[in-house]
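Peer 1: Dropping a structure here in structure tokens format, bear with me for questions.
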Amino acid sequence: MGSQAVTVKRLSDTVAPALRPFLPKDTPMLARIYRASIEQLAAEDYSHGQIEAWVSLADDEAAFGERLGQSLTLIATLNGLPAGFISLKGPDHIDMLYVAPGVARQGVGSFLLDAIEKIAGARGATRLSVDASDTASPFFEHHLYLVERRNTVPVNDEWLGNTTLYRFLTTSQPVPDPSAPNGPLH
Ligand SMILES: CC(C)(COP(=O)(O)OP(=O)(O)OC[C@H]1O[C@@H](n2cnc3c(N)ncnc32)[C@H](O)[C@@H]1OP(=O)(O)O)[C@@H](O)C(=O)NCCC(=O)NCCS
């Protein structure tokens, strides 16, 4: 896979995103996407100290990889390079969703959310929830998630605000196969 994340400016300049499952060897690349995504996409919504505390959760890459591996983690690729990832903790909670800043607002987040919703729905979940950052809340509201409550959570020495949102699922859509190259979503 190499060590390079995508830097294309528009999805229309490249092929459609593909989906594949997380492997432990992806951990360093996903940690890089995680850090860059927070530092570049969330900087307007949180203070410098809050950003540093949030980013530091990937400092221990072994623990970060364990967190990814304990969830259902899917990676979106563009031209074979990771462009973002999403993880589902348990049957019905979205733990992480991070998109490489170079391809933000190009549909990668929506692609990943759609895939995880279909898989969770096919496994029997009727409702998904997420504790969304202030950066991501408008994204989830765009996808018809409803606000449940506001939270303030301790992260190292900082307190970060987030919002719990939820959405009821319908199960009538086809389920993507993340192990199939350029699977049925494409
Ligand atoms: C939230 C995030 C995953 C969205 O990914 P994305 O690939 O940029 O999202 P999409 O391109 O699929 O966006 C779809 C729609 O959601 C809404 N949306 C997405 N990001 C938005 C933002 N920052 N502000 C307002 N609306 C937003 C828009 O309606 C957008 O459609 P448009 O671009 O045509 O206006 C991405 O911004 C990110 O990684 N953020 C930083 C990390 C983070 O906060 N993760 C969430 C932790 S729970």
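Peer 1: Working only within region 97-129, note down all residues that are more than 8 Å from the ligand (Cβ to nearest atom), in contact (Cβ under 8 Å) with a residue 60 or more places away in the chain and touching a Pro at 6+ places or on another chain (Cβ under 7 Å).
Peer 2: A115 - this is the single residue of region 97-129 that is more than 8 Å from the ligand (Cβ to nearest atom), in contact (Cβ under 8 Å) with a residue 60 or more places away in the chain and touching a Pro at 6+ places or on another chain (Cβ under 7 Å).
Peer 1: Inside region 65-87, can you point out the residues that are more than 11 Å from the ligand (Cβ to nearest atom) and either without any contact (Cβ under 8 Å) to a residue 40 or more places away in the chain or of a type in the set (G, A, S) (or both)?
Peer 2: G65, E66, R67, G69, Q70, S71, G80, listed by residue number.
Peer 1: Let me ask something else. Looking only at region 65-79, which residues are farther than 20 Å from E117 by Cα and at pLDDT 95 or above?
Peer 2: Within region 65-79, G65, E66, L78 meet the criteria.
Peer 1: Is there any pair linking a residue in region 130-148 that is farther than 18 Å from K89 by Cβ and among the aromatic types (F, W, Y) to one that is near the ligand (Cβ under 8 Å from one of its atoms) and at pLDDT 95 or above, with Cβ under 7 Å and at least six apart or on different chains, and which?
Peer 2: Pairs that qualify, where the first residue is farther than 18 Å from K89 by Cβ and among the aromatic types (F, W, Y) and the partner is near the ligand (Cβ under 8 Å from one of its atoms) and at pLDDT 95 or above, are F139/G109.
Peer 1: Moving on to the next point. Select from region 129-164 the residues that are touching a Leu at 6+ places or on another chain (Cβ under 6 Å) and crowded, with 20+ Cβ neighbours inside 10 Å and write down the one among them that is nearest to V55 (Cα to Cα).
Peer 2: A132
The values are calculated or read from the model by the stated rules, or taken from the named source; none is laboratory data. These numbers were taken from a predicted model, which means no experiment stands behind them. Using ideal geometry, Cβ is built from the backbone for each residue, glycine included, and neighbour counts are taken over all protein chains shown.
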